Amino acid sequence: MLIAAPAWAEHPGQAQLVREVAQDTGKNPVALNALLDGAKKQQSILDAISRPAEAKPWSEYRQIFLTPARIDAGIAFYNEHRALLEKIGKQYGVAPEYIVAIIGVETFYGRNTGKYKVLDALVTLGLYYPPRATFFRGELKTFLELPDNQLAGPVETLTGSYAGAQGWGQFMPGSIRDFAVDEDGDGRIDLQNSLPDILASVANYFAKHGWVAGGPVAARAQPDAAAKSLTVKDSTPQWPVEQLEAWGYAPVQHLNPGELSSLQTFQGAGGPERWFTFQNFYVITRYNRSPMYAMVVNQLAQAIAEGVSGGESATP
């Protein structure tokens with residue numbers, strides 16, 4: 001008598017992955033296989049990763065996040081949780097408006113934390129997406145290795161983004177392991193339901209990546225007709241402001257001439273925009289490597305801070 005094959009087929013590389021996790025953690029291979037057997041490859045995830053928002057030009061990308069609704073919601077969130085935000089900001093040396101802006105950009109202050117099963121997302125991208133399989137397989141392995149008290153719920157039911165990021169701040173498993181904190185002291189890290197854990201984890205992420213308390217983030221630069229053409233590979237600060245000035249890029253506000261900076265160019269609706277960017281801008285790109293992401297977080301944070309301090313809330 002033939003026994004029907006199960007409805008699932010083992011994912012490519014599953015056996016090796018289970019061996020590694022079991023060896024590193026002592027977890028039961030049978031249980032790990034059962035968990036992975038329940039995960040599904042999702043074509044919609046593969047489709048989503050092929051069209052990230054960061055592929056849009058700055059003029060369009062900015063409009064997604066710098067809306068009156070998102071700014072006003074950020075101001076309201078800050079005012080509602082001011083005491084907690086300012087306590088955490090002081091504790092970690094991170095301006096509270098940037099903590100708020102991160103969760104504003106990532107999940108609209110916790111409203112949209114993602115509909116995909118995290119396990120499905122990480123299996124799909126780690127085992128079925130060769131262009132970034134190394135990164136996502138590593139995140140899948142970390143996800144399977146995280147202790148239960150570092151997750152907001154059971155592994156098989158947790159939901160998040162198409163990339164497998166979780167909670168209000170959209171932390172990948174490696175970031176949960178390395179930077180998430182149990183701020184409320186209940187013995188559990190919960191990035192979905194504990195506001196102290198959520199906000200402090202974002203602040204700790206920034207602090208551990210080198211955030212400079214009170215330091216600048218970005219400032220407009222006005223190039224002259226003979227400004228030197230520069231090739232900038234990333235956001236690492238590499239030139240003093242005075243060097244960029246000597247090359248023809250004038251700051252439109254007072255800056256410390258010796259402050260290390262980089263120069264970013266964004267394609268705005270009215271033509272190219274040039275910006276001095278600093279260490280704190282670089283730190284934001286550790287959260288998401290796109291300079292456009294860092295700039296939109298910066299501009300949302302500024303708009304929130306202005307609204308909180310009594311200024312008019314409007315798209316900057």
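Taking 0.36 nm per residue of separation and subtracting the Cα-Cα distance, full extension of the segment from D37 to E10 would add 9.1 nm. Close amide H partners of T159, meaning residues 5 or more places away or on another chain with modelled amide H under 5 Å apart, are V118.
Working from label points 7 Å from Cα in the Cα-to-Cβ sense, the L260 to R220 distance is 2.8 nm. Amide H contacts of S261 (H built 1.01 Å from N, in plane; Pro and chain starts excluded): Q238, W239, V241 sit under 5 Å, all sequence-distant by 5 or more or on other chains. Amide H to amide H, with H built 1.01 Å from N, A250 comes under 5 Å of Q222, D224, counting only residues 5 or more places away or on other chains.
Pairwise alpha-carbon distances in the chain exceed 35 Å for 28% of all pairs.
Applying the criteria of a DSSP loop state and at most 16 other Cβ atoms within 10 Å to the GluC sites (Glu not before Pro) of the stretch 105-177 yields E156. Residue-wise HN-Hα couplings along the stretch 249-255, as the Karplus relation 6.51 cos²θ - 1.76 cosθ + 1.60 with θ = phi - 60° gives them from phi, are 10, 8, x, 8, 9, 5, 10 Hz; Gly and Pro carry x. Each label point is 7 Å from the Cα along the Cα-to-Cβ direction; what then is the distance between the points at Q238 and F135, in nm? Output for this residue pair reads 2.0 nm. Seen from all directions on average, the stretch 122-231 presents a Cα convex hull projection of 10.3 nm². For every other residue with a beta carbon closer than 14 angstrom to the beta carbon of L125, add +1 if it is Lys or Arg and -1 if Asp or Glu, then tell me the sum. Surrounding charge for L125 is +3. Backbone phi angles across the stretch 102-112, fed through the Karplus curve with coefficients 6.51, -1.76 and 1.60 (θ = phi - 60°), yield HN-Hα couplings of 4, 6, x, 6, 6, 9, 6, 6, x, 6, 10 Hz in residue order; Gly and Pro are listed as x. Relative to the dominant Cα principal axis of the chain, helix 291-308 is inclined by about 70°. Each residue, Q91 and T231, gets one label point 7 Å from its Cα in the Cβ direction; the gap between the two is 4.6 nm. Taking K and R as +1 and D and E as -1, what net charge do the other residues with C-beta under 12 Å from the C-beta of Q150 add up to? Value of the local net charge: -4. For K87, a cut-off of 21 angstrom between C-alpha atoms picks up these lysines, skipping any fewer than 8 places away in its own chain: K208.
Annotation: lysines with alpha-carbon distance below 24 angstrom to K40 (same-chain offsets under eight excluded): K27, K115, K117, K141.
Here the Karplus curve 6.51 cos²θ - 1.76 cosθ + 1.60, taken at θ = phi - 60°, turns the phi angles of the stretch 163-180 into couplings of 8, x, 7, 10, x, 4, x, 6, 8, 6, x, x, 6, 4, 4, 8, 10, 5 Hz, with x standing for Gly and Pro. For helix 14-25, what angle does its Cα long axis make with the longest principal axis of the chain, in degrees from 0 to 90 and rounded to 10? Helix 14-25 sits at roughly 80 degrees to that axis.
Since every read-out is calculated from the coordinates, none of them should be taken as a lab result. Quick caveat, the model's predicted, so the values are computed rather than measured. Here Cβ is always computed from backbone atoms with ideal geometry, including for glycine, and neighbour counts include all displayed protein chains.
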